[in-house]
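Below you'll find the structure, written out as structure tokens, and then a few comments.
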Amino acid sequence: MKVAKFGGSSLANAQQILKMVDIVKADPDRRIVVVSAPGKRFSDDIKVTDLLIALAEAVIAGQPYEDELAKVVGRYAEIQQELGLDASIVTEIEADLRDRVARRGDNDAQFMDAVKASGEDNNAKIVAQVFVNQGVPARYIDPKDAGMLLSDDFANAQVLDESFENLASLREEKDIGIFPGFFGYTKQGDVATFPRGGSDITGAIVAAAVKADMYENFTDVDSVFAADPRVLPDAPAIALLTYREMRELSYAGFGVFHDEAIVPAVQAKVPICIKNTNRPSAPGTLIVSDRKYEHGEVTGIASAEGFSAIYLSKYMMNREMGFGRRLLQILEEEQLSFEHAPSGIDNMSVILETAPFTPEKEQHVLNRIRTELGVDDATIEHGLALIMIVGEGMRYAVGLAAGACAALADAGVNIELINQGSSEISIMFGVKELDRKQAVQALGKALLKKNGN
Ligand code: ASP
């Protein structure tokens, strides 16, 4: 049994919806379909979810909102007409939207979620209707009836454990189940949504709950590539990845999906397959718990900007008991999450995200470090990019770091820091943001195989 999730671009218009129906019909194992709201039809288009946010914002601000509402209804009307569905479905969607607006209470976050979630909810109803019209037994599944219970952190909800037990019975469904992504219900019965892009999370939860043999994530790319194709246009496609590799790669900016989104599927050891709605015959990328690998093989190179480093030095630091703890305690008290902390005998650096630093915060943190830890020197450098070289085959591989360093040196890229050891399957380099692209290109050329794994 497979759970297939289709993203917004895969359901953006009638043509895309028909492709999705064909894909589901082509494999009888595809028993549950998780759907997003209609996404962008072209690059400047607006996603239905964004139209809904604009609608809710207008209502909250006490402004006229008929235009915003009409835009949302218009998207569904276009889909309804192109698919030749009964016009009553659009009337029902409009009534549903007006009802959500009318039921606004005094919690704006909760109201926003109720409006936002209608994108997926109404799209699932349309999709179910399309299957039925084609003579395929299918039915819309209401997340409330199915027991998709979430915490009441609106816009950032977490799944509650009991949801998995509740949803398990979907496995017995005779018809194809069409499940709206992105939202569930709190114990109080309010709609709550996951963070943006959260239909991936719904798909992973449902796949884990029904113990699916595969969680298929249909999107608009053929596969995951070994490096960002915008930086390295000939980056090979990756056929097979482990969950660990995916986690390391997505930490440093691999954009196919957010690693947190797949946690439920990973915990239940459900293999995940990323496939292209526009080219379903392409094999895609399979993500599994374990795989065979070639010794010394690099799977992918990811990179992300927006990091800063605090550099500290203090003579005889290595002899001072509790120095690291006190440093990290200062960061914790200042609500700064540290990412890495490579250290030497008399020095230590801490890598953090740049985003939380205002000039005042920076001064305050440096002052605390200088006075409370009595360091000889403390500086902060912004504008760092992290580059992760990842591969199961990197375990115990001799000479890999040397090859990477040589490639960076040949490209004239200065290495600001290296972190290796804490994970057997990755090496991390810190370079200046300005050098990021060049570094990825040099490393890709030196370390990646031409045809992927
Ligand atoms: N429609 C939602 C969004 O745009 C959720 C999703 O597509 O996964 O964020």
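Please treat every number below as a calculation from the coordinates, not as lab data. Keep in mind it's a predicted model, so treat the numbers as computed, not measured. Neighbour counts run over all protein chains shown; Cβ positions are idealised from the backbone, glycine included.
Calculated on C-alpha atoms, the gyration radius of region 352-405 divided by its Kirkwood radius gives an Rg/Rh of 1.20.
Sparse packing (at most 13 other Cβ atoms within 10 Å of the Cβ) combined with a DSSP loop state is found for the following chymotrypsin sites (Phe, Trp or Tyr not before Pro) in region 17-80: F42. Loop only by DSSP, 15 or fewer other Cβ within 10 Å of the Cβ. Give me the trypsin sites (Lys or Arg not before Pro) in region 391-453 that pass, ordered by residue number. The qualifying sites are R395, K449, K450.
Which one of A261, G403, G74 has its Cα pushed farthest toward the positive end of the charge dipole of the chain, where Lys and Arg give +1 and Asp and Glu give -1 at the Cβ? Of the candidates, G403 comes out farthest on the positive side. Given +1 at the Cβ of Lys and Arg, -1 at the Cβ of Asp and Glu and no other charges, the dipole of region 252-331 around its Cα centre is 180 debye to the nearest 20. Once C-alpha pairs closer than 8 Å and six or more residues apart are averaged by separation and normalised to the residue number of region 1-93, the relative contact order reads 25 percent.
Using the Cβ-Cβ distance between Y315 and S169 with R0 set to 56 Å, the FRET efficiency from 1/(1 + (r/R0)^6) comes to roughly 0.30. Basic side chains Lys and Arg get +1 at the Cβ, acidic Asp and Glu get -1 at the Cβ, and with that the dipole of region 1-159 about its Cα centre reaches some 620 debye.
The angle between the Cα long axis of helix 359-373 and the main principal axis of the chain comes to about 50°, on a 0 to 90 degree scale. Over the residues of the chain, the helix contribution to mean residue ellipticity at 222 nm works out to -11000 deg cm²/dmol, using -39500 (n - 2.57) for each DSSP H run of at least 4.
Angle of helix 199-209 to the longest C-alpha principal axis of the chain, folded into 0 to 90 degrees and rounded to 10: 80°.
Working from the Cα coordinates of region 30-153, the gyration tensor eigenvalues give, after taking √(5λ), semi-axes of 25, 19, 13 Å in decreasing order. When the charge dipole of region 86-186 is built from unit charges on Cβ atoms (+1 for Lys and Arg, -1 for Asp and Glu) and taken about the Cα centre, the candidate among V159, F111, P180 whose Cα reaches farthest toward its positive end is P180. Which residue, chosen from N278, Y251, F218, occupies the Cα position most advanced towards the positive end of the dipole of region 177-335, where the dipole is computed from +1 (Lys, Arg) and -1 (Asp, Glu) charges on Cβ about the Cα centre? Checking the options against the dipole of region 177-335, the answer is Y251.
Rg then Dmax, both in Å and based on the Cα atoms of the chain: 24.7, 78.
Simple point charges give the picture: +1 on the Cβ of Lys and Arg, -1 on the Cβ of Asp and Glu, and for region 178-277 a dipole about the Cα centre of about 320 debye.
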